[in-house]
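Participant: Take a look at the following structure, please.
What follows draws every value from the coordinates through simple rules; no lab data is involved. Just so you know, these numbers come straight off a predicted model, no measurement behind them. Cβ sites come from the backbone with ideal geometry, for glycine too, and all protein chains shown count toward neighbours.
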Amino acid sequence: MKIEKLLNLVYPPTCGICGKLNNDFLCKKCEKILETEAIYGVDKALDKYFNKHLYIFAYQGIIRRIILKYKFQEESYLYKTFVNFLLKNENFFEKMEKYDTIVPVPISKKRQKERGYNQSELIAKEIANSSNLRLETECLFKTKNIIEQSKLNREERQKNIQRVYELVNLEKLYKKKILLVDDIYTTGSTVNECAKELMKAKPMKIGVFTLAKD
């Protein structure tokens, strides 16, 4: 028996919105709620180290509450709710498949130990499993445990995030079309700093995907 099947027996899959048992982690009723919230934004980023930002929602209301649960309340299964909803929009998902490599924004070892998982990596891995994108988690690392960006203003965020990421194994990303994945986009400081580091591998292009934009 696969580990995932065993976990489903111990922790039955439930809808990430209402909590009712559901094998897709999203029931039809709550799927309609997410459909009313979905934006499917595609923003160009000409002044950044990445060229495009893809996102599903605005970071507000029920979406904000769910993402905060996912990120800070050990509700790790919620990545399946988000990705399963994403997969239902084929047109938007096709935009993501124009990339060939998917890289999650890393978190520090200390934060990983405290939280038990990297929320961006779970999303990236599930997307990779459902597409032709290759997941790469052995190139970009966060070398410092800094103050959480959510606790800082715009100017403080930009200073706080500088020089905290390191790129190794550059050859794995050389001339690749990279999709960088994070949960929330606020000022763009985090993903831009990551993209700046990824540029050292001379990729063909870098795009960013987040669940929501603030």
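Participant: Quick one: give the max-minus-min coordinate of the C-alpha atoms of the stretch 8-89 along each principal axis, largest first, in Å.
Facilitator: Sorted largest first, the three principal extents are 48, 25, 22 Å.
Participant: Could you work out how far apart the two model spin labels at ASP47 and TYR117 are, taking each label as a point 7 Å from the Cα in the direction of the beta carbon, and quote it in nm?
Facilitator: 3.6
Participant: So if I place +1 on the C-beta of Lys and Arg and -1 on the C-beta of Asp and Glu, and nothing else carries charge, what would the dipole magnitude of the stretch 38-213 be about its Cα centre? I want it in debye, nearest 20.
Facilitator: So the magnitude is around 320 debye.
Participant: With angles folded into 0 to 90 degrees, how steeply does helix 78-87 sit against the dominant principal axis of the chain? Use alpha carbons for both and round to 10.
Facilitator: Helix 78-87 sits at roughly 90 degrees to that axis.
Participant: Expressed as an acute angle from 0 to 90° and rounded to the nearest 10, what is the orientation of the C-alpha long axis of helix 119-129 relative to the principal long axis of the chain?
Facilitator: Between the helix axis and the principal axis of the chain, the angle is about 80 degrees.
Participant: Would you please give the FRET efficiency between GLN60 and GLU171, computed as 1/(1 + (r/R0)^6) with r the Cβ-Cβ distance and R0 = 35 Å, to the nearest 0.05?
Facilitator: Here the calculated transfer efficiency is 0.25.
Participant: Could you tell me what percent of the DSSP beta bridges with both partners in the stretch 38-213 are antiparallel, to the nearest 5?
Facilitator: 30
Participant: What do you get for the angle between helix 28-37 and the principal long axis of the chain? Use alpha-carbon atoms, 0 to 90 degrees, nearest ten.
Facilitator: The two axes meet at around 40 degrees.
Participant: Sticking with this structure for a sec: Tell me the net charge near ASN145. Cut-off is 11 Å between Cβ atoms, ASN145 excluded, with +1 for each Lys or Arg and -1 for each Asp or Glu.
Facilitator: Net of charged neighbours comes to +4.
Participant: If I stretch the segment between SER130 and ASN23 completely, what's the gain in nm (0.36 nm per residue apart, minus their alpha carbon distance), one decimal?
Facilitator: Length gained between SER130 and ASN23: 36.9 nm.
Participant: Could I ask something else about it? Calculate the all-directions average of the projected area of the stretch 38-213's alpha-carbon convex hull, and give it in nm².
Facilitator: 9.2
Participant: Less than 24 Å apart at the alpha-carbon level, and either on another chain or at least 8 residues along: which lysines does that give for LYS20?
Facilitator: LYS20 reaches LYS2, LYS5, LYS28, LYS29, LYS32, LYS69, LYS71, LYS80, LYS88.
Participant: Then there's this: Find me the longest stretch of the chain that has none of the exposed chymotrypsin sites (Phe, Trp or Tyr not before Pro), where exposed means in a DSSP loop (not H, G, I, E or B) with at most 16 other Cβ atoms within 10 Å.
Facilitator: Here the longest run is 1-76.
Participant: On full extension of the chain, what length is gained from GLU75 through LYS202, given 0.36 nm per residue of separation minus the C-alpha to C-alpha distance?
Facilitator: Full extension of this stretch gives 42.1 nm more.
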